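Everything below concerns the one structure shown next.
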Amino acid sequence: MRTPMIIFGVALIATTAACGSTSGPADQGAPVTVGGGSVGDQSAVRVQVEESSLGPILTDQDGRTLYAFLNDKGGASSCTDECIATWPALISRVPATTGTGASPELLSQTSRAEGTSQATYGEWPLYYYVGDVGPGDVDGQGVENVWFVVDADGKLVKTMP
């Protein structure tokens with residue numbers, strides 16, 4: 001029980017230094033455990049829309065909030081190294097599918113440098129935030145003014161909770 005809390009604490013400390021890193025080797029294929037659940041484990045995933053304190057936003061099939069990174073351009077991810085440790089990519093072995101409220105026309109995928117496929121919505125690669133410990137959490141909203149939740153139309157929601 002102590003080990004996950006230590007890992008979680010270290011990940012949170014890394015948040016401020018990690019968000020702009022784009023150099024160095026990428027090692028993003030391994031699952032990242034967040035709040036007792038595994039994200040980025042490459043199983044089939046579903047992107048859906050759920051109500052939150054920020055209004056309707058994108059989540060995965062388990063209700064975990066999905067985020068976009070302003071530094072990503074042209075549908076490609078620029079979050080690597082320490083950044084990806086804090087902001088795990090929404091990856092899966094098979095293309096993600098849409099659930100309630102999400103548009104199949106906006107859902108796609110992009111190839112990451114380490115060879116995994118990351119789900120994208122509109123022009124935004126999708127990520128989780130390690131600080132969100134359960135479904136409905138939006139603690140990553142507005143971090144460093146570059147991380148934001150995404151709405152059903154693929155637009156960033158810049159409202160603060």
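Points to keep in mind about this one:
- For region 54-161, the square roots of the Cα gyration tensor eigenvalues, ordered a ≥ b ≥ c, give a/c below 1.5, which places it in the rounded category.
- Span from the region 107-134 Cα centroid across to the region 47-89 one, whole angstrom: 6
- Residue-span extension gain [M160 to E51] - 0.36 nm each, minus C-alpha spacing: 37.8 nm
- Note on S111/V133: beta-carbon distance plugged into 1/(1 + (r/R0)^6) with R0 of 35 Å gives a FRET efficiency of 0.75.
- For D153, the accessible surface of its heavy atoms amounts to roughly 110 Å² (probe 1.4 Å, protein chains only, rounded to the nearest 10).
The values are calculated or read from the model by the stated rules, or taken from the named source; none is laboratory data. None of these values were measured; they are calculated from a predicted model. Please note: Cβ atoms are built from the backbone with ideal geometry, for glycine as well, and neighbour counts cover all protein chains shown. Ligands, DNA and RNA are stripped out before the accessible areas are found, and what is left, the full protein with its side chains, is counted by its heavy atoms. Shrake-Rupley method; radii C 1.70, N 1.55, O 1.52, S 1.80 Å.
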